[in-house]
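Undergrad: What follows is a single structure, and I will ask about it in a moment.
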Amino acid sequence: MTHRVRDRGPLTYDSGSVAAPRTPTVTPLPTDANRMSQTMTLRRAAPAIAVVGAGIVGATTAYVLARRGAHVTLIDRAEPGRGCSYGNAGALAPASIVPLAMPGILYRVPGMLLDRDGPLRLPLGYLPRALPWLLRLVAASRPDRTESIAARLAALNAQAIERHLVLASEIGAAGLIRRDGHLHVYPDAAALAKDAAAWALRERHGVRCERVDRADIEVLEPRLGPAYRTGVFLRDQAMVINPFRYVQQIVRAFVVGGGRLVRDEVRAVEPDLARGWSVHTSEGRQSADHLILAAGVYTPRLVEPLGMRLPIESQRGYHVSFPDAAAPVSRIVVLADRKVFVTPLEHGFRVAGTVEFGGLDRPPDRRRFAHLSKLAREAFPGTAMGEERHWMGHRPSTPDSLPLVGPVASRPGLWLAAGHGHLGLTGAVGTAFALADAILEGTPALAPAIA
């Protein structure tokens, strides 16, 4: 089914978002994926690679490396995909090239401290801890830096959707990806104009943006309430209707194809004179020629004993899911004035978003769940929501919104794959390809992630 949305050309503006080890349960893959795994060939003297972290980035990296012939061990204390990969909005969004640190971010700090319901939240008590990271965030907000960051994000994720479609087909999960676009909506032209700089940045980097009015919105998403009267349709974006199942399917394909999954807690990593790197777990030691750290917000803790400090802060993300409700949307709809994503899922739908800087140890702010639920009910009046399920997770974020992907220059054999922020799902395959090219082919294009 196609929707008739008028392509109005370029946008114009009015003035005015590692538990005890267990033997993994492997679910048989569909026949085509079994055939795929049977064709996996191992190179002579293939390197041994350990990947720490079984979220979407680590799982995809492990799968791609094994698919290309490496001997790969994937290590995580938790069930694959149970971290922030479980609760994300499911967006495959190569158009998300706008960094968090846009010009003017400094002037938003008072609101971050005072507005408990704001889309960007910083509890006052966490300010001293977050201050060094925030200062780097402000430094990254210069106009010349934002242009450079956008260009690098655009390059990193340029082929994201196509690569995810190939991956999903290989592992028998093609039905989890839908390419129906993303609809960003605003209550009026004045609200849209506040984001003019972000939309202009996207357009400068080749993102196809279509301005829509209320009539277009009613064609695309007829159940969206009348409060939203204008917006932008990103026709070329996609989504995953069950991000958790997607990660699990990737890991199943990895295991069936000969990869090794270890459920254990990583306590330390260190150079190994005999074989590159050692990973010390609660049950023993894993050795490898190369070590890739894809442990999200926990990656800094693993490298601190090595004398390294990574600029990664937790962007605490919240969601409210309605598993028994009929999804009121057919694609991702972004309530852009609230920075909230509404996603149709395999079962029900999810309202996800907001950014909260509060570290790893604070409990979730229950008020934010109530706020997301309220936004959903206001945006879709008359929709029966049913039971609510709440989740909060830690998105690993850097001050300049650029992930740390590549070798550690001072530590041969040590690689980073962390700090993707809210683009972990989108950037996972590009990250996996870049690391596989660098490790297995010696491709020099991947610059050091850190000195």
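Undergrad: Would you check which residues across the range 337-354 are part of a strand (DSSP E or B) and open to solvent by 10 Å² or more (accessible area, probe 1.4 Å) and list them?
TA: Selection gives Phe341, Arg350.
Undergrad: Another question, if that's okay. Of all residues in the range 368-380, count the ones that are assigned to a loop (DSSP other than H, G, I, E, B) and out of contact with any Lys or Arg (no Cβ under 9 Å at 6 or more places or on another chain).
TA: Of the residues in that region, 0 qualify.
Undergrad: Does Arg136 satisfy the criteria of being in contact with a Cys (Cβ under 7 Å, 6 or more places away or on another chain), assigned to a helix (DSSP H, G or I), open to solvent by 10 Å² or more (accessible area, probe 1.4 Å) and farther than 22 Å from Leu375 by Cα?
TA: When the stated conditions are applied, Arg136 does not pass them.
Undergrad: Here's something else I'd like to know. May I ask you to list the residues in the range 269-287 that are closer than 14 Å to Arg411 by Cα and hydrophobic (A, V, I, L, M, F, W, C)?
TA: Matches in the range 269-287: Val269, Leu273, Trp277.
Undergrad: Looking at Val334, Val303, which is the one that is closer than 30 Å to Ala139 by Cα, outside any strand (DSSP E or B) and open to solvent by less than 10 Å² (accessible area, probe 1.4 Å)? Walk me through it before giving the result.
TA: Values: Val334 fails: outside any strand (DSSP E or B).
Only one candidate passes the filter, namely Val303.
Undergrad: Which pairs have Cβ atoms under 9 Å, sit 6 or more apart or on different chains, and link a residue in the range 62-88 that is part of a strand (DSSP E or B) to one that is among the polar types (S, T, N, Q) and open to solvent by less than 10 Å² (accessible area, probe 1.4 Å)?
TA: Val72/Thr61; Leu74/Thr61
Undergrad: Has the range 95-103 got any residue that is touching a Pro at 6+ places or on another chain (Cβ under 6 Å) and not polar (S, T, N, Q)?
TA: Yes, that holds for at least one residue.
Undergrad: Still on this structure, I have one more. Restricted to the range 102-124, and to residues that are open to solvent by less than 60 Å² (accessible area, probe 1.4 Å) and not aliphatic (A, V, I, L, M), which residue is modelled with the lowest pLDDT? Working first, answer last.
TA: If we filter the range 102-124 for residues that are open to solvent by less than 60 Å² (accessible area, probe 1.4 Å), which is where we start, we get 102, 104-105, 109, 111-113, 117-123.
Among the residues that remain, those that are also not aliphatic (A, V, I, L, M) are: 104, 111, 117-119, 121, 123.
On the way: Gly104: 86, Gly111: 78, Asp117: 83, Gly118: 83, Pro119: 85, Arg121: 89, Pro123: 90.
So the residue we want is Gly111.
Undergrad: Which of the residues spanning the range 384-425 are among the hydroxyl-bearing types (Ser, Thr, Tyr) and either in a strand (DSSP E or B) or open to solvent by 10 Å² or more (accessible area, probe 1.4 Å) (or both)?
TA: The answer is Ser397, Ser401, Ser410.
Undergrad: Follow-up question, since we're still on this one. Show me the helices (runs of 4 or more DSSP H) found entirely inside the range 144-205 where at least 1 residues are in contact with a Gly (Cβ under 8 Å, 6 or more places away or on another chain) and either open to solvent by 30 Å² or more (accessible area, probe 1.4 Å) or at negative phi (or both). Before the answer, list the steps.
TA: Values: elements: 160-170, 189-193, 196-204.
Hits in the range 144-205: 160-170, 189-193.
Undergrad: A further question on this structure: When residues of the range 214-228 are filtered for being touching a strand residue (DSSP E or B) at 6+ places or on another chain (Cβ under 8 Å), farther than 16 Å from Phe349 by Cβ and not in a helix (DSSP H, G or I), how many remain?
TA: So the answer is 1.
Undergrad: Mind checking which pairs have a first residue in the range 361-386 that is of a type outside the set (Gly, Ala, Ser) and a second that is exposed (fewer than 12 other Cβ atoms within 10 Å of the Cβ) and assigned to a helix (DSSP H, G or I), Cβ under 9 Å, 6 or more apart or different chains?
TA: Arg362/Gly125
The values are calculated or read from the model by the stated rules, or taken from the named source; none is laboratory data. Here the structure is a predicted model, which means the values were calculated and not measured. No Cβ is skipped: glycine too gets one built from the backbone with ideal geometry, and neighbour counts run over all protein chains shown. Ligands, DNA and RNA are stripped out before the accessible areas are found, and what is left, the full protein with its side chains, is counted by its heavy atoms. Shrake-Rupley method; radii C 1.70, N 1.55, O 1.52, S 1.80 Å.
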